[in-house]
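J.: Sharing a structure with you now.
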Amino acid sequence: MSKHSKKAKAFLKDAGYSEWHDATFWAVREKRDNMSHGLPEWEQLREKASQIKLHTLSHLDQYLEQFASQAEKNGTIVHWAADAAEFNQIVFEILSSHGVKKIVKSKSMLTEECGMNPYLESKGIEVVETDLGERIIQLLGQAPSHIVMPAVHLTPDQVGELFEREGISDEIGNHDPTYLTYRARLSLRNEFLTAGAGMTGANFGIAATGDIVVCTNEGNADMSTSCPKLHIAALGLEKVIPDYDSLAVFQRLLCRSATGQPTTSYTSHFRKARPGAEPMHIILVDNGRSQWIGNQQHWKTLKCIRCGSCMNTCPVYRRSGGYSYSYFIPGPVGVNLGMLRDPRAHSGNVSACTLCKSCQCVCPVKIDLGEQIYQWRQQLPEWGTEPASKRMLCKGMSTVFNHPLLYKTATGVLPKKPFHSLKLDKDE
Amino acid sequence: MKIGLFVPCYVDALFPQVGVASYNLLRYLGVDVEYPKGQTCCGQPMANGGFESQAAPLAQKMEELFQGFDYVVAPSVSCTAFIRHHYPSLLDHECKMAGKCMDIVEFLHDIVKPTAPLGSFPHRVSIHNSCHGVRELGLSSPSEEHIPQFNKIRDLLQLKEGIEIYEPERKDECCGFGGLFCVEESAVSTRMGLDKVRRHAATGAEFITGADCSCLMHQSAIARKNGIQIEFKHVAEILAAGL
Ligand code: SF4
């Protein structure tokens, strides 16, 4: 049994919960279908988005340079981080040079990837997540179970009890989601007002203008950047796109794919710090990406815009949950990204796929996710991580299939007469 | 036009009646069909499991076995999809199989194009849209994509008089078979199969029908284990019934 399949088995033990989990994500897939079926040009948009990404990734050096020089012209300070350690250090240096003791953060999978929160906390800096889902799992000490809806695996009761323990809600037993959201908002207000810096990720970096674009539903990126005087933005190298025309394509696809809404409630564009604030910092993070671009078989995985729709449609993800995967990004794209990151550590995820290819039909940038997983399976022997029992089984099968006589004998013992031994009318 | 019938290993061994139905159906429709001897397996199970290299000699054998046929027709969407999409990279020379191998539904629908009624089948059936049929061979429009709706299985089944055709809720979600997936990820696989069978049964159908015996085999084992009363028939069996 693979690592994933063991965890999946445990997940499925609670039939009621796993059924709810499956239905919850299927409902998001259906909302996405409603949106995509409402746009006549949907398939053209996907193709266009894929082309733009392929083009940008294959000219990434130029676009990165353009992005960085535009951003500097705007008065932004641009940093380059080769890996997670360098990234964390840069963030810490910026914060300590401004004497910051607390930061508020909007959602960023990149900081998750780099382990930034624990690093900063070890240096005595308080980090407060301000996306509601991220805040909930931060208080629980959990990792996100999904890249867009990080706490969707929790029920209102679990959240209500957490808020009672944390003193966020004061009406004991009131687990109404609207009430809980209201209480979270009150408690976050105070964090926004007392933090020394705001940190955001970015959905896109626009090379032509040096802007970054952040999509949220809660407006928390705007709060994080308009209350404190210092804004730090982190983006992976692959987030850069050429211009606003390309943004228009992605903007139509991203939220429809992700949550089935026509757009996020807030699409925030940042060019430079507001008057009176400190200059804005942008950190461009490599952390493996420049190497992955050179991977002939798998570089296209970098087209991903992190919409999460491949997770929602994946029949295995829905029935095994985000925590059954060893990489911090689950589902089809997570299987692939984990293998790019460290194939030895994450080979246990490649079994989590029936090759149904639903993921590649929803993916807004048309990554051939299922085909990629098939390819990774072929590569397991390179790292010696292919399951021995499967190797034996396949060897046995191939011996039988390569010898028609053996095959005849083997199929001759079955209860039904095999087709090949029947008399056909033409033979008579 | 000479047609070679390919009866994949698991159909040969476990569902010989599907081979017979395919053969009879093609003959009934006036197709010049032959069954070359010495067939075993196309290599798909090993390749999907991660051992593509073990499929290469089988690809070579298939290439030789079906030399001289204009089309190779198989009652199995997953084998056809594997041959079409993966054989070219397995062989170190030009691959003819990839271009001429068709699933029987595709072949009937696109090449033979029968229009006259094919007898009657007065039953309620629920179509199982196998993943590889939908997303690799294009037997029906994938529910994910925004393209005109079609279903070649439904088109053919409509040639049977008295038939009532249904599709389950989540019409093309995977049933969880997935070849070695059902061994390696048995818990998820079983759960997917059960969910699928229940949705088929909820249509009120007496039969679940599809173009891939492996999906049907997986679901029928699960239906039996869970006491769900429903029967399974390959599309070719229904089409050939009573001819
Ligand atoms: S791989 Fe495609 S579907 Fe999956 S998260 Fe990335 S963009 Fe979305």
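J.: Need the failing condition index for A:ASN312 against (1) within 22 Å of A:GLU134 (Cβ to Cβ); (2) open to solvent by 10 Å² or more (accessible area, probe 1.4 Å), just the number.
T.: (2)
J.: Right, another one. Out of all the residues in the stretch A:332-364, which are more than 13 Å from chain B (Cβ to nearest Cβ) and either outside any helix (DSSP H, G or I) or under 17 Å from the mean Cα position of the chain (by Cα) (or both)?
T.: Step one: filter the stretch A:332-364 for residues more than 13 Å from chain B (Cβ to nearest Cβ), giving A:333-334, A:336-338, A:340-342, A:344-346.
Once the filter is applied, which keeps residues that are more than 13 Å from chain B (Cβ to nearest Cβ) and either outside any helix (DSSP H, G or I) or under 17 Å from the mean Cα position of the chain (by Cα) (or both), the stretch A:332-364 yields A:VAL333, A:GLY334, A:ASN336, A:LEU337, A:GLY338, A:LEU340, A:ARG341, A:ASP342, A:HIS346.
J.: Have a look at A:PRO150, A:PRO156, A:PRO144 and point out the one that is within 16 Å of the ligand (Cβ to nearest atom) and without any contact (Cβ under 8 Å) to a residue 60 or more places away in the chain.
T.: Only one candidate passes the filter, namely A:PRO150.
J.: Quick one: B:VAL188 ticks every box in (1) open to solvent by 20 Å² or more (accessible area, probe 1.4 Å); (2) at pLDDT 95 or above; (3) within 14 Å of chain A (Cβ to nearest Cβ) bar one, so which box is it?
T.: (1)
J.: Identify all residues within the stretch A:98-133 that are part of a loop (DSSP other than H, G, I, E, B), under 20 Å from A:PHE192 (Cα atoms) and either touching a helix residue (DSSP H, G or I) at 6+ places or on another chain (Cβ under 9 Å) or among the hydroxyl-bearing types (Ser, Thr, Tyr) (or both); write none if there are none.
T.: A:VAL100, A:LYS101, A:SER106, A:LYS107, A:SER108, A:ILE125, A:THR130, A:ASP131
J.: So which helices (runs of 4 or more DSSP H) are wholly in the stretch A:10-74 and hold at least 2 residues that are within 20 Å of the chain's Cα centre (by Cα) and within 13 Å of chain B (Cβ to nearest Cβ)?
T.: Details: elements: A:15-36, A:42-58, A:60-73.
Result: A:15-36.
Okay, residues lined up against (1) free of Cβ contacts under 8 Å to residues at least 12 places away in the same chain; (2) farther than 23 Å from A:SER246 by Cα; (3) of a type in the set (Gly, Ala, Ser):
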site: A:THR301; (1), (2), (3): no, no, no
site: A:GLY308; (1), (2), (3): no, no, yes
site: A:SER324; (1), (2), (3): no, yes, yes
site: A:GLY334; (1), (2), (3): no, yes, yes
site: A:LEU340; (1), (2), (3): no, yes, no
site: A:CYS363; (1), (2), (3): no, no, no
site: A:LYS366; (1), (2), (3): no, no, no
site: A:GLN372; (1), (2), (3): no, yes, no
site: A:GLN378; (1), (2), (3): yes, yes, no
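J.: Same structure, new question: Restricting to the stretch A:365-402, what's the tally of residues that are open to solvent by 40 Å² or more (accessible area, probe 1.4 Å), outside any helix (DSSP H, G or I) and within 16 Å of the ligand (Cβ to nearest atom)?
T.: Total meeting the criteria: 2.
Yes/no matrix, rows are residues, columns are (1) in a helix (DSSP H, G or I); (2) buried (at least 21 other Cβ atoms within 10 Å of the Cβ):
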residue: A:ARG135; (1), (2): yes, yes
residue: A:GLN138; (1), (2): yes, no
residue: A:PRO144; (1), (2): no, yes
residue: A:ILE147; (1), (2): no, yes
residue: A:GLN158; (1), (2): yes, no
residue: A:ILE168; (1), (2): no, no
residue: A:GLU171; (1), (2): no, no
residue: A:ARG189; (1), (2): yes, no
residue: A:THR209; (1), (2): no, no
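J.: Filter the stretch A:285-304 down to the residues that are out of contact with any helix residue (DSSP H, G or I) (no Cβ under 6 Å at 6 or more places or on another chain) and either hydroxyl-bearing (Ser, Thr, Tyr) or within 8 Å of the ligand (Cβ to nearest atom) (or both) and list them by number.
T.: Scanning the stretch A:285-304 gives a single hit, A:SER290.
J.: Please verify whether the stretch A:345-353 includes one or more residues that are open to solvent by less than 10 Å² (accessible area, probe 1.4 Å) and within 13 Å of the ligand (Cβ to nearest atom).
T.: There is no residue in the stretch A:345-353 that is open to solvent by less than 10 Å² (accessible area, probe 1.4 Å) and within 13 Å of the ligand (Cβ to nearest atom).
J.: Can I ask one more? Quick one: what pairs do we get from the stretch A:175-198, first residue over 15 Å from A:LYS105 (Cα atoms), second open to solvent by 80 Å² or more (accessible area, probe 1.4 Å) and of a type in the set (D, E, K, R), C-beta under 8 Å, 6+ apart or different chains?
T.: That search, which allows pairs on different chains as well, returns A:HIS175/A:ASP157; A:HIS175/A:GLU161; A:TYR179/A:GLU171; A:ARG183/A:ASP170.
J.: Looking at the structure I just gave you, is A:CYS215 assigned to a helix (DSSP H, G or I), under 24 Å from A:PHE328 (Cβ atoms), in the same structural domain as A:ILE283 (by TED's automatic domain parsing) and within 21 Å of the chain's Cα centre (by Cα)?
T.: No.
The values are calculated or read from the model by the stated rules, or taken from the named source; none is laboratory data. What you see is a predicted model; the values in this text were computed from it and never measured. A quick note on method: Cβ atoms are made from the backbone with ideal geometry, for glycine too, and the neighbour counts reach across all protein chains shown. Side chains are part of the model used for accessible areas, which takes the heavy atoms of the whole protein and leaves out ligands, DNA and RNA. Shrake-Rupley method; radii C 1.70, N 1.55, O 1.52, S 1.80 Å.
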